[in-house]
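For reference, the structure is listed below as structure tokens.
Throughout, read-outs are computed from the coordinates displayed, never taken from laboratory work. Predicted model only: the values in this text are computed from it and were never measured. When we count neighbours, we look across all protein chains shown, and the Cβ atoms used for this are built from the backbone with ideal geometry, even at glycine.
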Amino acid sequence: MKSTTSALPVDVAVIGAGPAGATAAAALAGAGLKVALLHRDGPRAGAAEETLVPAARRVLERSGALECVEQLGFHGRARHASVWSEPVLRVRDERDDERGFQVERRTFDAALRARATRAGAQLVEVGQVTIDERGREVRVRTAEDRELVVAACAVIVATGRATPDSLARLATVVELPATLALSTTLSLQHELAHTNVIEAVREGWWWWLPLADGRVELTLFCDREEERSVGREALWSAALRGAVGPAREVQARPERGTLATARLRASSAPILVCGDASCALDPLSSQGLETALASAQHAAHCARSVVEGRSELAFAALERRAWDARLWHAHRRQTTEFLRSEGRFADAPFWRARQALGLTPSSD
Ligand SMILES: Cc1cc2nc3c(=O)[nH]c(=O)nc-3n(C[C@H](O)[C@H](O)[C@H](O)COP(=O)(O)OP(=O)(O)OC[C@H]3O[C@@H](n4cnc5c(N)ncnc54)[C@H](O)[C@@H]3O)c2cc1C
């Protein structure tokens, strides 16, 4: 069958319709700009449900996502527990204003996308995409094997943590030690079936996350190098045995593994990169989504200033990168401080690598 090429001229092309892309597209379309939101469904790097800290309310409000979160009833758990710095499970009940949010990602992402299309963004289902080096044209291969050339004043890339460097000429600026998230989903009766628990163990830290459907997602965040040398099952079993919290009673094996390394990347082209594609935080912070929404708003602000002739694209891309770099360094300090507050396992590979951060100039 012969393939055909068509053209779609817009003000801004947004690639990736996760939280960052949908938020940027909604902001731009809401301001009256012509926006193409290029969407491709696929496996995600994160968790089925993700938590946001109470302070994220401001970002949710500013980005317009609070409405979706509240309508969908995504409130955080009323009870949290931790085992950190001493082998004791400490449970605390949160006041309503301390509960934060826990969002089911498929529903949340779909609600943000619907919001973007209601604001006027044109959603296009795509297969493969490439961006020209001027950052003004996206070549799209659609599912029907058509070629579409989206010509724009600015391109926003919001394709998440797994974005290949080649898509937006990305290079890693700085990253924390390679971290792997090993997960399994449990169906069980448990007294902590409604409590979020984090627990530090020698091999890393456990995240016990009760889901809305009554199951529990159990994730071990561990050191990638240690997992390679010890073996996945052996590392997981040792971490279960070392737990004093609910993970101790679990017998399941890890069902899936995904990279969760915190990393800052920058593009050498005049492309506005936002969300996890440029600044992927350590999941320990529970600030990935919040940051993705805030950086998307900033990307939209940069794109708008280009479309309205108030800024050059190259300058706007520099401004975008500088914003991410500031946020990254603040996040890195905060995460390192928290990791250092766990003093029991200083000789274990996971903790040694992370607690040394910032102690030598080269680790920054
Ligand atoms: C294990 C784990 C647990 C986490 N837990 C939390 C948590 O509890 N709280 C929290 O705040 N954050 C958490 N995060 C981080 C959170 O998942 C991310 O910060 C967030 O998803 C970033 O949003 P994004 O829109 O940048 O990227 P994504 O959510 O990854 O969205 C990217 C979108 O782009 C699409 N896409 C990819 N390639 C293309 C392409 N070529 N063309 C078109 N579309 C494309 C994808 O299908 C997807 O829809 C966690 C991360 C991990 C790894």
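Miscellaneous remarks
- GNM flexibility winner over the chain from LEU60, LEU293, LEU220 (Cα, springs under 10 Å): LEU60
- At q = 0.26 Å⁻¹ the log10 of I(q)/I(0) for the stretch 23-71 amounts to -1.06, computed by Debye summation with a single uniform scatterer per C-alpha, solvent ignored.
- Per residue, the chain reaches -9500 deg cm²/dmol at 222 nm when only DSSP H runs of four or more residues are counted, each adding -39500 (n - 2.57).
- Space enclosed by the convex hull of the alpha-carbon atoms of the stretch 208-364, per residue, Å³: 151
- Computed from backbone phi, the HN-Hα couplings of the stretch 204-215 come to x, 8, 9, 10, 9, 10, x, 9, 4, 7, x, 7 Hz, rounded to whole numbers (Karplus: 6.51 cos²θ - 1.76 cosθ + 1.60, θ = phi - 60°; Gly and Pro given as x).
- Multiplying the residue separation of GLN71 and SER166 by 0.36 nm and subtracting their alpha-carbon distance yields 30.4 nm.
- Over the C-alpha atoms of the stretch 98-257, the Rg to Rh ratio, Rh being the Kirkwood estimate, stands at 1.08.
- Rounded tilt (10° steps) of 19-30 against the dominant C-alpha axis of the chain: 40
- Around THR185: net Lys/Arg minus Asp/Glu count, Cβ-Cβ under 13 Å: -1
- Equivalent ellipsoid dimensions for the stretch 285-364 as semi-axes, Å, which come from the Cα gyration tensor, largest first: 36, 13, 7
- Here the Karplus relation 6.51 cos²θ - 1.76 cosθ + 1.60, evaluated at θ = phi - 60°, turns the backbone of the stretch 257-262 into coupling constants of x, 9, 6, 10, 5, 6 Hz, with x for every Gly and Pro.
- Note on the stretch 1-121: along the principal axes its Cα atoms extend 65, 34, 23 Å, ordered by decreasing extent.
- Euclidean distance of C-alpha centroids, the stretch 172-207 and the stretch 301-335, integer Å: 32
- With the largest listed first and rounded to whole Å, the semi-axes of the equivalent ellipsoid of the stretch 216-287 from the Cα gyration tensor are 32, 14, 9.
- For the chain, alpha-carbon Rg relative to the globular expectation (2.2 N^0.38 Å, N residues): 1.02
- The Cα center of the stretch 131-152 and the Cα center of the stretch 230-278 differ in position by 33 Å.
- Helix 288-307 and the longest principal axis of the Cα set of the chain meet at an angle near 20°.
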